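Notes follow the structure.
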Amino acid sequence: MTADVWLPIPPDEIDGLPEGPDYRFWNGGEDFPADPADCAFYVVPYMKPSPLCVRPMGRMSNVRVVQTLSAGIDHVEPGLGHLPAGVRLCNARGVHEASTGELTLALILASLRGIPDFVRAQDRGEWLGGFRPALADKNVLIVGYGSIGEAIEDRLVPFEVARVARVARSERTTARGPVHPLTELPALLPEADVVILSTPLTETTRGLAGADFLSRMKDGALLVNVARGPVVDTKALLAELETGRITAALDVTDPEPLAREHPLWRAPGVLISPHVGGPTSAFLPRAKRLLVDQLNRYVNREPLRNVILTTGASTD
C-alpha cells in the first residue's frame, strides 16, 4: 500500500502530523519529490496555476485523497479525469473564512467611503471633503451562502445594515433567516445596495453576473466579487461601469492577472485588489490545523472533512 503524502508546506513545520506516512515536500517545483504513483494523499500547492497543480495528477495511479488549500476546486478539476475511481476531493472549508470576510468588508467600506479617492488626493496634497455613502442602512445581497458567505454576514452585523438577503444553489432556512435559491435572483437584485459574490465557480455560476444580472442592479449599487473572476462577465461589467450607473470592488477578475493595458484598470468606479482574499497571516495556522486533522483522520480510517466529490461516483 502506498504511504506517501505530498505537502506544499515542509512537514517539519507542521506539529501534530501522524506517524506512518512518508511525507514529501512539493510546492510546485520542476522536480517531483518522489514517484507520483506512490502518492496516496496529495495536498495541492496553494495559489499556483492550474496546469502546475494538475501536472502530477495523471501519474498518481494510487492516490486516495486530493486536498486543496483553497475553498474553490476549479483549479484541480481539469486533472480529476486522470485519477482512479474512488479518490476523495476535499476543499479547505474553515481556512479562508476569516481573511476573506475581512477583505470583503474592507472592499465595501473602501468603495463606499471613497478611500481610493482620499489616497490619490493625499498624493496631490489635496483636502478632499464631502459626503459619502455609508454601509449603515444599506440592503446587502450575498450570492453564494456557504461558509464564506456566512462569515461575511457575521462581519456585516455590527455595521447596522438594513437587511441581508442570502442566495445559494438551493433554498434553505438558517438561524439568521431564509436562503433563497438562484432562481429568485431577478427579484432580489433590484432591492440591493451592495451585491456580494462569494459563490464557487461552477458551470452554473460561470458568467452568472452577466448583462441581465447587472442591468437588474439598482442605480448606484456596488458589486463586490470575492468569488472567482469568471463568475462575472467582464465585458458586460465594463459596459455598466462606463455609464457610471453602478460601481464595483473586485478581488478577482477575468482574465487574471489583468494585463497592464486592460480597460478594467481604468474603468470609472472600480476598486481592484489582486486576489488577496485568502493569503494573509490567518492562512498558515488554519491550513496546518486542517492538514493535521485530515491526515489523522486518514491514518485512523475516520471520515474526512470537506469531501466535495468522489471520482467515479454517480452524480444522480
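Each value in this text was obtained by applying a stated rule to the coordinates, not by laboratory testing. The structure presented is a predicted model; accordingly, all values stated were derived computationally and were not measured. Don't worry about glycine lacking a Cβ; one is built from the backbone with ideal geometry, like all the others, and counts go over all protein chains shown.
Cross-link reach is defined here as a Cα-Cα straight distance under 20 Å, omitting same-chain residues fewer than 8 places apart; for Lys235 the aspartates and glutamates meeting it are Glu203, Asp212, Asp219, Asp251, Asp254, Glu256, Glu261. Think of the chain as having a plus end and a minus end, set by charges on the Cβ of Lys, Arg, Asp and Glu; of Gly277, Thr311, Trp6, Gly277 sits farthest toward the positive end of this dipole.
Taking every Cα-Cα distance in the stretch 97-272 and sorting them into 5 Å bins from zero, the calculated P(r) comes out as 2, 8, 18, 22, 22, 15, 8, 4, 1, 1, 0 percent.
Each part gets one Cα centre, and for the stretch 109-156 versus the stretch 174-225 those centres are 18 Å apart.
How high is the relative contact order of the chain, in percent, counting Cα pairs under 8 Å that sit 6 or more residues apart?
The value is 17 percent.
Restricting the stretch 143-188 to GluC sites (Glu not before Pro) that sit in a DSSP loop and have at most 11 other Cβ atoms within 10 Å of their own Cβ leaves Glu160.
Report summary: the helix-based calculation at 222 nm, which adds -39500 (n - 2.57) for every DSSP H run with n ≥ 4 and divides by the residues of the chain, gives -7500 deg cm²/dmol.
Sequentially through the stretch 72-82, phi angles give Karplus couplings (6.51, -1.76, 1.60; θ = phi - 60°) of x, 10, 4, 6, 9, 4, x, x, 5, x, 8 Hz, Gly and Pro residues having no value and appearing as x.
Select from the stretch 211-316 those GluC sites (Glu not before Pro) which occupy a DSSP coil region and have at most 14 other Cβ atoms within 10 Å, ordered by residue number. Spell out each step's value before the answer.
Details: sites: Glu240, Glu242, Glu261; in loops: Glu261.
Filter output for the stretch 211-316: Glu261.
Take the convex hull of the alpha carbons in the chain; its mean projected area over all directions comes to 18.6 nm². Computed over the alpha-carbon pairs of the stretch 91-135, the distance histogram in 10 Å steps reads 24, 36, 23, 13, 4 percent, short to long. Highest GNM mean-square fluctuation, the chain, Cα pairs closer than 10 Å: which of Leu237, Leu52, Leu201? In the Gaussian network model the winner is Leu52.
Projecting the Cα positions of Ala239, Ala192, Pro181 onto the charge dipole of the stretch 157-279 (unit charges on Cβ atoms of Lys, Arg, Asp and Glu, taken about the Cα centre) puts Pro181 furthest along the positive direction.
The trypsin sites (Lys or Arg not before Pro) of the stretch 211-316 that DSSP puts in a loop, and whose beta carbon has at most 14 other beta carbons within 10 Å, are Lys218, Arg260, Arg301.
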